[in-house]
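This report refers to the structure that appears directly beneath it.
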Amino acid sequence: MSNHRELLARGIAQRFITAISGTDKQQIVFYNPEDRIFVGKLSPQNTADSFSSRVLIKQLGVDFRIPKQDVDQARLAISPQGNFFFRVLPTLQQQQEFFLRNFCTAFDLQQTYPGFSDLAQAYLDGRLSQEMARHKVQLLPIYEKIAIDQDNTCFELALSDVYCPEFDCGSLPQNHPLYQSIEEHLDRMYAAVREHPRMVRCQFREQVGIGELLGEEEWEAYIARQIQREEFDMSPRFAYSLAVDVRGNGDSLLVTVSLSNETPFEDESVGAVQSVKKNNRYRIPVLFNSGLRVRCVNTSLVPIELEYFSDDYKYDKRVYALGNNCNVDCDPDRQEIQTTHVPVFIQNRLKTNDKLAVPFDALISDPVGTLERIHQGMLAELEKWKEDYDERACGLTEAGREQFAEEINGFDLEIRRFKTGVDLIRNYNMIRDAFRYMNMAFKRSAKGYSSWRLFQIVFVVSLILDVAAHEPELMLDEGLVNKAKTDDIDILYFPTGGGKTEAFLGIMVFNLFFDRMRDKQYGVTAILKYPLRLLSVQQVQRVSNILACAELLRREQKLGGASFSLGYFVGEGNTPNKIDREEQKRLAGMTNDERDEKHRLLDVCPFCGGKDVHVVYEPSSNSLQHVCRNQDCPSQGPLPLYMVDDDIYRYLPSVIISTVDKMSAIGFNSRFHNLLAGAEFECPHHGFTDKTQCLVPGCQCTPFDFRRVSMKDPAPTLLVQDELHLIRESLGTYDAHYETFLEYFIKHLSGCRRGLKVIGATATISAYELQAKHLYWKNAIRFPAASPYLDHNFYAKVDPNDVSRIILGYAPFGKAIVNSVAFSLQYLKRVVWQLYQHPEEVLAWEGMDLPGDEAQQIAQVKQLLEDYWIILEYNNVKLESNRVLQGLEDPINTELLEEGIPPLRARKMTGDDTFQEVRATLSAIENAKSVIQELDFNMIAATSMISHGVDADRFNLMLFYGMPGNTAEYIQAYSRVGRKHTGLVIDIMRPSREKDQSYLRNFNKFHEFKDILVDPVSINRWAAKAVESTLPGIVSGLLLNYYLYQLKYTPGMGNIGRVEELKAALLSGTITAEALKDHARQIYKCSDDDTSIGSLYRRTVDRMIDELVQKLTAGDFKPNTYLTQAFEECQFHVMRSLRDTDRQVTVELR
């Protein structure tokens, strides 16, 4: 069966290309063709245009190579292409309709005169006012097309006429017969235009009134009168030319063929009686939809190697021609080159290997047997790689052989890790049961699928040893423990939409059950971190859903321990840090709807699937809770979701979703200790505490009321960093210091004495080993290992019969890009609307074989269009988004409304929009039964914030306002569309930007090579000044989250969060500068055992800590000054965020 959505996407793409290139119109009525056609415009140069935002080009061309030895017999057949427009007179009916529309708009009489005949009768009857009767309009501008290639014009020339062997180059001489042939061709075009019966030959100065439009006689008299009195000749003038240049290049000749617009530029208002409006021009000097077709005769095209692409033995770096101000399509078999202004790249879908399906049921009933079959398949695949290497090695470069061998070794390691996981499942009941429970939970959570994707289950099994290696009850052999890669980071690399999230959620859920099986009853198991708040929005629902299934299973299996719960830990701008008295009053004063709108994170209950979830404030526990009002919901109380920072510190959710920034809280909040080291007590009302008082202010409970708890291995086992490539530049540098702090704290200060297993997930990857080393001070293992083949690996293959995205692009030469974006949105909207209004046109397409009768087929077409209704418009900066939105109202939406088309109504997703606004928009799209009928918007104007974490199957139309600044951002952004159905991506490239012109020139190769064109992540943990920014937080974190708890029972030092008690600890030698320096050196990896490159850091650390201790011990501070405030007074600023690089200054205008 045909892919109906692919056919629909192709149809939309083709109609859009036709609209922007004007190939569907023989005439353009009222509008200047320059304002309605956006591609292929060659313009005569005008000095005034250098001061505008337009980029005008006069010519386009192609470069290609042929063998130098063929020069004597080689010939070129050159076919110029393009359209000029000349002005023609409107028919009486056209002018009448134009007059009526203008008249009714001017006097606001749209409903009074249905047709011109009604208005004419009112005029003849004297029922119009004098002003109405005198109303006049301009002559309706109508421009008709004449194609320079309408008679398949083709010019042939011998290359020997151009090339001069003596100078190894040459140009087509001006006296060449080709130029005479062009002149003759232009004469024939002029003759055809002059023979047109309604060509406008002069300027029409007199406007048109009702009297001139009463009948054909009056109309022809008006025309004759204008022609008789007008002295200004406005006959069309247009000209084009061709150029051929040749220069030697070794054994080849580089040939350049160019087409130029030689029409003289004229200002029609000069010397004329009246000024000429842009939409009332008589001559249009632009060549539209220009192009060249060049065929080589008696020779052949020599491939051009794109040397600036990265050396990689898998990629074909050859092209047969390159375009100048355009792109090209080549047919090497016919030795033919065709320019194109709208290149199209077809991206096929990557699909999982279904030959080794991994059903949940099979993994539940026979996990070892099922996994062994996968292992055998992996071994067989490895042998194929090795055999292929042996066959191809002699034909590869040394670099190619080395890369191929590394890829084989990477896959071999992958297989060995997987086999170790299988053996653990076979030999250890605790691991096998946890594995089975994980599969049972995912089986319950799955909607529409019954199995893992192959790479997901292999990834989960491969990491089992890393999770379980340090559990003493397993009594693992030392050799097996040494195989664990706990101290390495696994980089989970798979294209966006491929299922990375489910892969790391799989190992997370296994870890949860494993923790309960090994008697870890409380505490955090995993932290999922995201670089930006938006990235975490949709993950709350997704993680909640799987945790709910796991929690119900935990109850059924009576595994004990705390409920599997989720903490949403993202910052005060989105969720409260604490609920103090002021916050309590605010919450009490809110209505239920206001509370939901402000704080609700879940729209759908993860336990029952109902949409009756609400947010309530519970005074007894002083917490903000999500509750499901469905009486039959199995949640049995508040949903296990914590969103207030203080709630997370005292209830220790099993899984925490956090932003990267939030990790800086370890430097200023002593409660962070609980997340890494657990707690000693539990308040009967308010959760855990490791202090000698409850964490809720005003609680009357004393330590005698607390329940003493013993938390096994309380530190998290897993740290997942999603969208790893975004941890870069200054954010990456600062985060690197806090990452090694967390690792050090867990391994050396929490009592757990083990490392933290880190997983990094990304869909764009380059130089990941270096990033991992700087960020985590760990070696990196890529999963899946790189494959020697572009179209497949063991886990997945590119399906040549399934298109995931149709990507097209154009550069709007001769038009401001903001206008091009706005009109492109209008054209795209018009195309989709016309298909929605005329579904029978879609049904007539070849392959659109929908079942049912005609009514059912029409309904199905409209249902398909639901997935192509919302346009996602990408802007590089917020200012551009605002400009586009401002430009939509008039004329874009005005014209749509005049045509009876619903206007473009946009929602924004930029940095200015609140967390709840973004969440509400995504929720509306996901939950609407019909986006056409139910939503009050049909467009999203977004910036880079949508490039990650915004997953919606209904995003399938996307338009770029200029290309993003780097390849990784572009890939991430366009991956928002086409995740499930064929998506259409439209790149509008900036003509003024050299890099964008390069994208146009190399459009298909760029998209083919995109993965190796991703820039390496810019990160340097040794940035010179970074330690000065992060060290205060590191030292403060050591004091607040380690020493404070070590000294909590020491008289006079029980709360070193107060500076007087900290001072006592320092003066007594209980805490020493040397001890702090030793901790800091190990955290920064600048101790003597780590690296010589850190010597500068080591000196800076020692100096700053010595200065701080001296100031603290000698300083005079107010009583009860909090530690971080004392640090500030010592000019030792503790970062409140990893983006907290400079002190903020308030600027006021008065």
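Per-peptide packing, taken as the mean over residues of other Cβ atoms within 10 Å, places 158-167, 979-988 in the sequence 979-988, 158-167 from highest down. Note on segment 1026-1129: Cα-Cα pairs beyond 22 Å make up 28% of the total pair count.
In plain terms, the C-alpha convex hull of segment 111-150 casts an average shadow of 4.9 nm² when viewed from every direction. Per-residue Cβ neighbour counts within 10 Å put Leu602, Leu306, Leu379, Leu253 in the sequence Leu379, Leu306, Leu602, Leu253, beginning with the fewest. The Cα-based radius of gyration and maximum Cα-Cα distance (Dmax) for segment 579-643 are 11.9, 35 Å. Exceedance of the 31 Å cut-off in Cα-Cα distance is limited, within the set Lys585/Lys1111; Lys351/Lys908; Lys558/Lys611; Lys585/Lys757, to Lys585/Lys1111; Lys351/Lys908; Lys585/Lys757. With only the Cα atoms considered, segment 505-617 has a convex hull volume of 124 Å³ per residue. Name the residues whose placed amide hydrogens come within less than 5 Å of the amide hydrogen of Phe345, ignoring near sequence neighbours (fewer than 5 apart) on the same chain. Residues meeting the amide H criterion: Ile807, Leu808.
Pairwise Cα distances in the chain exceed 52 Å for 36 percent of all pairs.
For segment 600-607, backbone phi angles converted through the Karplus equation (6.51, -1.76, 1.60; θ = phi - 60°) give residue-by-residue couplings of 5, 9, 10, 8, 10, 5, x, 8 Hz, Gly and Pro being listed as x. Put simply, the Cα atoms of segment 667-814 extend 74, 42, 34 Å along their principal axes, the longest span coming first.
Dividing the convex hull volume of the alpha carbon atoms of segment 44-177 by its residue count gives 237 Å³ per residue. In degrees between 0 and 90, to the nearest 10, how far off the longest principal axis of the chain does helix 878-887 point, with axes built from Cα atoms? So the helix axis and the longest Cα principal axis differ by about 40 degrees. Distances between placed amide hydrogens fall under 5 Å for Met939 paired with Ile871, Arg905, Arg907, all partners being 5 or more residues away or on another chain.
Straight-distance candidates among the aspartates and glutamates for linking to Lys1005, with alpha-carbon spacing under 13 Å and chain neighbours fewer than 8 residues away dropped: Glu305, Glu307, Asp316, Asp329.
Estimated from the Cβ-Cβ distance and a Förster radius of 30 angstrom, the FRET efficiency linking Lys1025 and Tyr1122 is about 0.70. Using the alpha carbons alone, the radius of gyration of segment 477-532 stands to its Kirkwood radius in an Rg to Rh ratio of 1.03. Assuming R0 = 51 Å, what is the FRET efficiency of Gln693 and Asp953, from their Cβ-Cβ distance, to the nearest 0.05? Efficiency, rounded to the nearest 0.05: 0.55. Hydrodynamic analysis of segment 288-406 uses the Kirkwood radius over alpha carbon pairs. Inserted into Stokes-Einstein at 25 °C and 0.890 mPa s, it gives a translational diffusion coefficient of 126 µm²/s. Peptides 646-652, 474-480, 64-70, ordered by how many other C-beta atoms sit within 10 Å of their residues on average, highest first, read 646-652, 64-70, 474-480.
Projected label points at Lys314 and Glu217, each 7 Å from Cα along the beta carbon direction, are separated by 8.1 nanometres. For Ile66, the amide hydrogen comes within under 5 Å of the amide hydrogens of Leu253, Val255, Val302, counting only partners 5 or more places away or on other chains and with H modelled in the peptide plane.
Rounded to two decimals, the Cα-based Rg/Rh of segment 123-275, with Kirkwood Rh, is 1.22. Just the Cα atoms of segment 185-242, one point each, no solvent: what log10 I(q)/I(0) does Debye give at q = 0.12, 0.13, 0.27, 0.29 Å⁻¹? Log10 I(q)/I(0), no solvent term: -0.40, -0.45, -1.12, -1.19. I need the GluC sites (Glu not before Pro) found in segment 819-910, filtered to DSSP loop residues with at most 12 other beta carbons within 10 Å of theirs. Taking segment 819-910 and a limit of 12 other Cβ atoms within 10 Å, the loop GluC sites (Glu not before Pro) found are Glu846, Glu899. Protection proxy ranking, highest mean first, for peptides 516-523, 91-98: 516-523, 91-98, where packing is the per-residue count of other beta-carbon atoms within 10 Å, averaged. Computed about its Cα centre, the charge dipole of the chain is approximately 2700 debye, with only Lys, Arg, Asp and Glu carrying charge at their Cβ.
For the residue pairs Lys386/Lys778; Lys662/Lys878; Lys443/Lys485; Lys1085/Lys1118, alpha carbon separations beyond 31 Å are given by Lys1085/Lys1118.
Any read-out appearing in this document is the output of simple, stated calculations on the displayed coordinates, not a laboratory observation. All figures in this text were calculated on a predicted structure; none of them were measured in a lab. Glycine gets a Cβ as well: all are built from the backbone with ideal geometry, and neighbour counts include every protein chain shown.
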